[in-house]
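Here the structure comes first, spelled out in structure tokens, and everything after it is commentary.
The values are calculated or read from the model by the stated rules, or taken from the named source; none is laboratory data. What you see is a predicted model, and the numbers here were worked out from it, not measured in a lab. Every residue, glycine among them, receives a Cβ derived from its backbone with ideal geometry; neighbour counts consider all protein chains shown. Accessible surface areas use protein heavy atoms only, side chains included; no ligands, DNA or RNA. Shrake-Rupley method; radii C 1.70, N 1.55, O 1.52, S 1.80 Å.
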Amino acid sequence: MPVALLALAIGAFGIGTTEFVMMGVLPQTAADFGVSIPTAGFLITGYAVGVVIGAPLLTAAAVRLPRKTMLLAMMGLFTLGNVLFALSPNQEFGVAFRFLAGLPHGAFFGAGAVVASSLAGEGSRAKAVSMMFMGLTLANVVGVPLGTLLGQRVGWRATFLVVAVIGLVAIAAIAKLVPHQGKPVEASLRTELGAFRRPQVWLALAIVTFGLGGVFACLSYIAPMLTDVAGYSPANVTLLLSLAGVGMTIGNYLGGRLADKALMPSLYVALLALASVLAIFTITAQGKVGAAITIFFVGVAGFMIGPMMQARIMEKAGGTPSLVSAAVQSAFNIANSIGAYLGGLVIAGGLGLVAPNWVGATLAVLGLSIAVVSGGLDRREARTEQRIPALVG
């Protein structure tokens with residue numbers, strides 16, 4: 001694999017750490033700002049809103065820039081956002097700077113996926129994209145636990161200053177290791193937006209939204225599920241989340257390789273596996289061993305889907321992949337919001353702390369249904385293409 005993928009993975013590691021470590025240091029941040037935990041939760045929401053808005057907006061604004069320049073600019077903005085957040089005087093500024101840090105998230109991954117794909121040979125493109133996303137999954141194994149520990153021992157501001165340093169390392173690595181890409185051929189906002197006229201692009205985004213929404217319905221409430229249902233102490237939750245992160249890393253690795261061999265059949269299997277594991281978790285959550293094993297497989301099944309969908313949407317976008325590739329990150333964060341909202345809804349309705357797993361399984365089945373429809377359109381298009389030469393002949 002090209003060494004340039006290491007630079008992209010470092011950037012992904014920093015982004016993954018800043019996105020998820022906020023959950024680990026939320027109590028310390030709330031105390032420092034003098035607000036309640038629910039109010040401090042807007043620091044998480046602010047970042048997610050930044051991702052959803054920034055992914056299409058910044059990609060569209062910079063559509064004619066060389067992709068290496070785009071990557072450097074996005075990491076620069078990311079680093080600035082984290083430095084400013086670490087220096088925030090109050091909650092209001094904190095939310096604003098978290099929003100700023102989230103803006104380049106999707107645009108970085110969108111441009112990075114296109115660069116990773118272009119650096120790999122035919123038949124290895126999804127694998128290359130998964131190597132970049134390996135940084136994101138490793139953030140859940142290493143970055144988030146260490147960042148949480150640092151925040152608890154030294155202070156949350158130190159955590160985000162370290163994230164900013166990671167951003168500077170990523171900038172240096174991209175400048176040194178990523179080859180010059182040149183300006184995208186015939187790139188324009190009109191041609192990039194033209195990809196959204198294709199039904200398959202919207203189906204792919206829907207698969208991400210609902211399929212991965214199933215993962216977040218579960219993970220958003222995993223801490224109380226593990227403590228109040230499985231019986232773990234709060235001190236063990238971080239270790240169990242790291243176990244889920246290991247599963248995510250393995251799933252991401254497998255997803256990239258399976259997508260290069262047989263994309264749609266592998267996607268069907270991944271979504272079916274996710275629905276099954278989440279349904280099983282409603283039972284295994286009652287015990288410590290079962291819960292630990294199942295949370296690992298939730299990570300594996302859920303994060304197999306990511307590189308598959310990134311490869312799928314780039315394939316369906318044709319020669320204009322940048323904007324739709326970035327839109328995957330918007331769909332990912334919408335999935336996060338939908339999963340968390342619906343999971344909270346069933347808990348508030350008195351259905352219990354394991355009920356979000358049923359929600360997750362249902363969303364995964366919905367994602368699978370959309371994938372089957374998308375695969376059916378592929379087969380119909382293939383049959384049409386076969387008929388046309390016969391009719392002409």
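Filter the stretch 36-82 down to the residues that are open to solvent by 40 Å² or more (accessible area, probe 1.4 Å), more than 17 Å from S325 (Cα to Cα) and aliphatic (A, V, I, L, M), then identify the one that is modelled with the lowest pLDDT.
I37
Right, L43: touching a residue at least 24 places away in the same chain (Cβ under 8 Å), more than 17 Å from V328 (Cα to Cα) and of a type in the set (A, V, I, L, M, F, W, C) or not?
So L43 passes the test.
Can you tell me which residue within the stretch 83-108, out of those that are touching a residue at least 60 places away in the same chain (Cβ under 8 Å) and aliphatic (A, V, I, L, M), is most open to solvent (accessible area, probe 1.4 Å)?
Here the answer is L87.
Residue under question is L368, and the condition is that it be modelled with pLDDT of 90 or more and touching a Phe, Trp or Tyr at 6+ places or on another chain (Cβ under 8 Å); does it hold? Lay out the reasoning, then the answer.
Details: modelled with pLDDT of 90 or more: yes; touching a Phe, Trp or Tyr at 6+ places or on another chain (Cβ under 8 Å): yes.
Answer is yes for this residue.
Check L351, L241, L272, L267 and return the single one that is assigned to a helix (DSSP H, G or I) and closer than 15 Å to C218 by Cα.
L241
Select from the stretch 282-325 the residues that are more than 30 Å from T238 (Cα to Cα) and not polar (S, T, N, Q) and list them in ascending order.
A311, R312, I313, M314, E315, K316, A317, G318, G319, P321, L323, V324
Could you pull out the residue among I334, I313 that is within 28 Å of G46 (Cβ to Cβ), open to solvent by 20 Å² or more (accessible area, probe 1.4 Å) and in contact with a Ser or Thr (Cβ under 8 Å, 6 or more places away or on another chain)?
The conditions single out I334.
Kindly establish whether F296 is touching a helix residue (DSSP H, G or I) at 6+ places or on another chain (Cβ under 9 Å), open to solvent by 30 Å² or more (accessible area, probe 1.4 Å), farther than 16 Å from P56 by Cα and aromatic (F, W, Y).
So F296 fits the description; yes.
Considering only residues that are in contact with a helix residue (DSSP H, G or I) (Cβ under 8 Å, 6 or more places away or on another chain) and of a type in the set (V, I, T), look in the stretch 270-293 and name the one that is most open to solvent (accessible area, probe 1.4 Å).
I283
Could you go through the stretch 143-166 and let me know if any residue there is in a helix (DSSP H, G or I), open to solvent by 40 Å² or more (accessible area, probe 1.4 Å) and either touching a strand residue (DSSP E or B) at 6+ places or on another chain (Cβ under 6 Å) or among the β-branched types (V, I, T) (or both).
Yes, because at least one residue in the stretch 143-166 is in a helix (DSSP H, G or I), open to solvent by 40 Å² or more (accessible area, probe 1.4 Å) and either touching a strand residue (DSSP E or B) at 6+ places or on another chain (Cβ under 6 Å) or among the β-branched types (V, I, T) (or both).
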